[in-house]
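Inspection log for the structure reproduced underneath, given as structure tokens.
The values are calculated or read from the model by the stated rules, or taken from the named source; none is laboratory data. Because the structure is a prediction, the values reported are computed rather than measured. FYI the Cβ positions are ideal-geometry reconstructions off the backbone, even for glycines, and counts take in every protein chain you see. Heavy atoms of the whole protein, side chains included, go into the accessibility calculation; ligands, DNA and RNA do not. Shrake-Rupley method; radii C 1.70, N 1.55, O 1.52, S 1.80 Å.
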Amino acid sequence: MDLFVLVPIFGVVALLYTFFQSNWVSKQDAGNEKMKIISGHIADGAMAFLKAEYKILTYFVVVVAILLAVMGMSNANSHWSIGIAFVVGAIFSASAGFIGMKIATKANVRTAQAAKTSLSKALRVSFTGGSVMGMGVAGLAVLGLGALFLIIKQIFAPDATVDSHEMERTIEILTGFSLGAESIALFARVGGGIYTKAADVGADLVGKVEAGIPEDDPRNPATIADNVGDNVGDVAGMGADLFGSYVATVLATMVLGRETISEDSFGGFAPILLPMLIAGTGIIFSIIGTLFVRINDNEDSSTSSVQNALNLGNWGSIVITAIASYFLVNYIRWFSEDMNSLKWVFLGRLW
């Protein structure tokens with residue numbers, strides 16, 4: 001199997017994980033009627049803001065995509081399809097933020113209800129909700145980069161070498177995907193951040209200062225706006241921001257990889273393949289790492305026990321990914337396309 005095909009498959013695995021985990025969170029108890037009403041208002045407000053924000057951003061994306069396409073037509077190293085890559089990147093970035101916000105508005109109230117029973121259950125609900133956003137960001141990034149690279153390469157450089165003009169154009173078009181992702185991240189992060197800070201200050205001034213109502217008290221109407229801001233800024237905006245940074249980091253390594261001379265069984269494409277492959281395998285090991293984040297009900301109910309559980313999952317996935325990356329880096333030249341299979345060499349060269 002061509003290892004380039006594995007990259008978008010890793011992305012699909014991450015999205016399947018988000019789907020099943022999101023369904024699990026949705027099935028948890030959302031609490032009493034009052035909790036459902038308040039959480040419903042927060043979810044409606046967050047969706048209304050996101051709908052208005054994405055509507056404006058749609059005009060921006062269309063205009064910039066047209067400009068990029070026109071400039072691509074006049075550049076010998078680019079192509080008008082860079083505008084399409086820009087649009088795809090923008091859609092994926094907006095989707096990453098939407099996935100994060102959608103699950104956050106569900107997980108918030110369910111975590112509060114789970115906390116009434118035990119700390120371990122509250123941690124599981126909240127962490128599962130967070131992992132949905134994380135895997136959604138990584139899955140969309142790996143799927144988008146991997147699939148788009150395969151499509152563009154097949155169109156513009158099906159039989160080209162890594163140092164050819166055709167491959168330079170392929171990578172140039174692919175950068176449009178990263179630019180689209182970063183553009184949405186810029187406005188989503190700033191727009192959501194301005195909203196959440198304005199709502200936070202308004203809630204404090206009206207509630208605590210003038211009316212003497214405690215912070216986050218549901219009797220203060222601005223509390224709903226404050227919580228809406230937390231979702232659209234710290235969740236949806238952050239999701240788009242993380243997506244843009246993730247894509248830009250992997251793509252930057254691919255750009256540097258094209259400038260690297262490599263003798264391998266992939267025609268010199270190993271330095272381009274390696275960043276995407278590490279990102280893809282990192283998804284699998286991150287899913288494994290989520291299994292480490294557990295605490296028992298008989299443990300000390302403190303922030304330290306929760307932090308220890310989070311550290312275990314974080315460092316567990318980091319260590320496993322680092323070990324796997326070592327073998328990928330050192331033995332990827334021994335992956336042979338002619339054998340049509342993936343060969344791991346752990347004890348030395350076998351052929």
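Counting only protein heavy atoms and a probe of 1.4 Å, the accessible surface of the chain is 65% carbon and sulfur. Using the rule -39500 (n - 2.57) for each DSSP H run of four or more residues, divided by the residues of the chain, the 222 nm mean residue ellipticity is -26000 deg cm²/dmol. Computed from label points 7 Å out along Cα-Cβ, the spacing between Phe327 and Ile155 is 3.7 nm. Measuring with a 1.4 angstrom probe and ignoring ligands and nucleic acids, Ile194 comes out at about 110 Å² accessible. The listed residues His41, His165 rank as His41, His165 when sorted by accessible area, largest first, using a 1.4 Å probe.
Normalised Debye scattering of the chain at q = 0.06, 0.08, 0.11, 0.12 Å⁻¹ gives log10 I(q)/I(0) of -0.27, -0.47, -0.83, -0.94, counting only Cα atoms as equal scatterers and leaving out solvent.
In a reduced charge model with +1 at each Lys and Arg Cβ and -1 at each Asp and Glu Cβ, the chain shows a dipole moment near 740 debye about its Cα centre. Using a 7 Å offset from Cα along Cα-Cβ at Ala48, what residues in the stretch 218-259 end up with backbone N under 17 Å from the label point? Only 220-233 pass the distance filter. Comparing Cα centroids, the stretch 18-33 and the stretch 77-147 end up 15 angstrom apart. Working note: Karplus 6.51/-1.76/1.60 with θ = phi - 60° gives the stretch 36-41 the couplings 5, 5, 5, 5, x, 5 Hz, where Gly and Pro are set to x. Look at where the Cα atoms of the stretch 201-231 and of the stretch 273-293 average out, and the two centres are 40 Å apart.
The heavy atoms of Met73 present about 140 square angstrom of accessible area, all protein chains included, probe 1.4 Å.
The phi torsions of the stretch 276-282, fed into the Karplus equation with coefficients 6.51, -1.76 and 1.60 and a -60° offset, translate into couplings of 5, 5, 5, 4, x, 5, x Hz, rounded to whole numbers, with Gly and Pro shown as x. Averaged per residue, the chain has 49 square angstrom of accessible surface, using a 1.4 angstrom probe with ligands and nucleic acids left out. Shown are Val7, Val88, Val206, whose ranking by accessible area with a 1.4 Å probe and every protein chain present, most to least, is Val206, Val88, Val7.
Placing unit charges on the Cβ atoms only, positive for Lys and Arg and negative for Asp and Glu, gives the stretch 67-193 a dipole magnitude near 1160 debye about its Cα centre. Extending 7 Å from the Cα toward the beta-carbon at both Leu16 and Ala115 defines two label points whose distance is 3.5 nm. Placing a pseudo-label 7 Å from each Cα along the Cα-to-Cβ vector at Trp315 and Met71 gives an inter-label distance of 4.6 nm.
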